[in-house]
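Take a look at the structure set out below.
The values are calculated or read from the model by the stated rules, or taken from the named source; none is laboratory data. Fair warning: this is a prediction, and the values are worked out from it, not measured in the lab. A quick note on method: Cβ atoms are made from the backbone with ideal geometry, for glycine too, and the neighbour counts reach across all protein chains shown.
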Amino acid sequence: MTGILQGALGGARALLVGWFLPSLINVVVFAFVVAPGPAKFGALSADAGWAAIAGVLGTAVLGLVLAALQTPLYRVLEGYLGWPGWLFRARTRRQLARKHLLRNRVDAITLARHERGGRLADADRPTLAAFRAHAVLGRYLAEDVRKGAVWLALLTERLHRYPVDDGQVAATRLGNAIRRFEEYGYNHYLLDSQVLWHELNAVVPDPVRKQVEDGRTNVDFFVCLLYGHLVVAVAAAADLIAGTAGRPWLVAGALAGLLVLAAVWYRVAVVATDEWAGAVRAMVNLGRAPLAAAMGLTLPATIGEERVMWLFTGDLVGTAFNPGVEVLDKYRTTPETKPKT
């Protein structure tokens, strides 16, 4: 995760859109809802210049702080940081159960549609009967089929926000939505894109690199908005507890609204990972050949051999040198020698 999270911060647009713009929104909310009470900033309204300066400084500070802390902030939302072990394990089991339920619902709908169209194979009839007899799936199946092809596509989209490998399932929806493309390269080619992220980023075409940056910026925006809402909500709660709120009804309403919106932005961030995932997938698929060439390797003729090559390449880059990686010698490009003059 760290390699991907650090990759896009070099672009000014990513920092501006992903972190400064949502910070500005939260600073404005703070100024109109919380600040007039405890901080007595009402006088600033008489001086637009000072108000603008305070707003710009607040936006810059909040945006830079959240951007600097982005790795731990993401890790909390992914379920990797600050979670008790028992809660992490329980949530992971629940997410794995959700993934299996989605996969079974998609399979059941597909078989039922084949049955309606007269295309159901005899070998699949017992499976469809088992789905219908299942205590949980049986309740979903009739309604899922009635909703049609669009609903099937939506369920499939939700299923694809989980990693293919059950062993990679994380404790949260956002963790799984990100983990699915972190594992893509390894699942398909045994190419560990986390270990080889900077090498891949250095060799892919600029349009692919920009797609990754743009896709990630969209998620950054909602993550920053979410955390900014929580910061303002904490300030609003402190305002109410201290009894310094000038308009308690407004502060209480804003507090409740910010917490609801934070949950909404979390779900939107999960959906926004789809573009990021597609861009990373393209980076792996299109970057394999130039990455191999840049590292002095030649792509083998078969996928099986290529998987072996990338497995040992990841070991070579990500760990201390192991004599076992000498198997890469057979994939190495013969160095060109310059003729003597």
Pair list, Cβ under 9 Å, 6 or more apart: region 135-154 residue more than 15 Å from D107 (Cβ to Cβ), other residue exposed (fewer than 12 other Cβ atoms within 10 Å of the Cβ) and at pLDDT 90 or above: K147/L154
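Every residue, every condition in (1) within 17 Å of the chain's Cα centre (by Cα); (2) modelled with pLDDT under 95; (3) within 20 Å of V270 (Cα to Cα), yes or no:
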site	(1), (2), (3)
Y140	no, yes, no
E143	no, yes, no
G148	no, yes, no
E157	yes, no, yes
R180	yes, no, yes
G185	yes, no, no
L190	no, no, no
P205	no, yes, no
R209	yes, yes, no
Set A269, A292: member being surrounded by 18 or more Cβ atoms within 10 Å (Cβ to Cβ) and farther than 24 Å from V232 by Cα: A292
Of all residues making up region 54-76, the number that are part of a helix (DSSP H, G or I) and under 20 Å from the mean Cα position of the chain (by Cα): 11
All positions within region 270-315 that are more than 24 Å from the chain's Cα centre (by Cα) and among the basic types (K, R): R307
Unique match (being under 23 Å from A67 (Cα atoms) and either hydrophobic (A, V, I, L, M, F, W, C) or buried (at least 23 other Cβ atoms within 10 Å of the Cβ) (or both)) among A237, A170, A202: A202
